[in-house]
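Notes to accompany the following structure.
The values are calculated or read from the model by the stated rules, or taken from the named source; none is laboratory data. The structure presented is a predicted model; accordingly, all values stated were derived computationally and were not measured. Cβ atoms come from the backbone with ideal geometry, glycine included; neighbour counts cover every protein chain shown. To get the accessible areas, we keep the full protein, side chains included, count just its heavy atoms, and leave off ligands, DNA and RNA. Shrake-Rupley method; radii C 1.70, N 1.55, O 1.52, S 1.80 Å.
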Amino acid sequence: MANRRTNLRSETATMWPIIFAAGVATLLAGLIVNVKVVAPLGGAIAVVAVFGWVRSGERPRSREHVDSSRRPPPRNAERYSRGRFLGRATLGLGGLVAAGVAVPAAGLALLSGVRGQRQRRIDLGPVSAFPEGTFVIATFLLDPAEGEVSRRAAFIRNNGSRDGVPSFTAMSSRCTHVGCPTQPNGPVFADKHRSIRTADGDVGIVPTLPAGGFGCPCHGSQFDSEGNRTAGPAARALDRYAFSIRNGHLWLERLFSVSRVEGKGANARIHAFGRRGAGEPVTGPESWLYPIDTAA
């Protein structure tokens, strides 16, 4: 019976380094796959393995070992055995290697992406440039300092007022599948193009009539007039911009993601989430497989 317990403890002791390595591997994978669930799970496994590894080196492995430890060691006996030293050294070196790999990766994933990601407000010009009940394609510079390479497009509709409060639908033109530019499923009145000069550069406004909603020419995703996905591989509805009215001008605020929209226009109920990347769902078990989006 004593031999069986000794063998069991010995086998458990040899498993701790393997469990520790598995925990570190899970932690590193979690920094890429899922920072909320997988990475903490891997860290917890690694911490538990470290404590188990240390305790297994201190625990007596047999009754004979306990009895012999009561005897005074010979004069030439090692007070700190070579095996214990190598075990502790291996543990310390493994911890340093894991920290050297995990800390920079975590910093890159969580810190560097957060700094400088706050979106600028965009002045789209006077509210009078947006006829009530009509969709327009508004093109604007996301960052005037970068010039035309930062030009973006949004689908804007003036919904009128509800209880005296102006209402606008402001949807990103980017498909939520892989980010291709979507197009109105209806005529675009290019001959009625207007250019408005604002502090953020020239804003282009073109009326359109998307009676069939919006479609992506790349992979066939389809969206209705409120941005809900109706067909294709897109992961969610079209993203939307928050908006504000200041000094009679319409301003685009932060961009956020949407799972679905119930109702229409000023009466729409928007199920909003923090901004997500292309192809990332915002609801359901699939959304757990994606890391925190630092672009929000």
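Can you list residue pairs whose Cβ atoms sit under 6 Å apart, with the first residue in the stretch 253-272 being open to solvent by 60 Å² or more (accessible area, probe 1.4 Å) and the second being in a strand (DSSP E or B) and small (Gly, Ala, Ser)? Count only pairs 6 or more apart in sequence or on different chains.
Final answer for the pair search is 254/242.
Counting only residues that are surrounded by 14 or more Cβ atoms within 10 Å (Cβ to Cβ) and small (Gly, Ala, Ser), how many does the stretch 234-252 have?
So the answer is 4.
Residues that are within 30 Å of residue 27 (Cβ to Cβ) and assigned to a helix (DSSP H, G or I): does the stretch 267-281 have at least one? Steps first, please.
Of all residues in the stretch 267-281, those within 30 Å of residue 27 (Cβ to Cβ) come to 273-281.
Next, only the ones that are assigned to a helix (DSSP H, G or I) stay: none.
Within the stretch 267-281, none of the residues are within 30 Å of residue 27 (Cβ to Cβ) and assigned to a helix (DSSP H, G or I).
Each row is one residue, and each column tells you yes or no for (1) at pLDDT below 75; (2) open to solvent by 80 Å² or more (accessible area, probe 1.4 Å).
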{"site": "5", "(1), (2)": "yes, yes"}
{"site": "12", "(1), (2)": "yes, no"}
{"site": "18", "(1), (2)": "no, yes"}
{"site": "22", "(1), (2)": "no, no"}
{"site": "29", "(1), (2)": "no, no"}
{"site": "33", "(1), (2)": "yes, no"}
{"site": "38", "(1), (2)": "no, no"}
{"site": "46", "(1), (2)": "no, no"}
{"site": "51", "(1), (2)": "no, yes"}
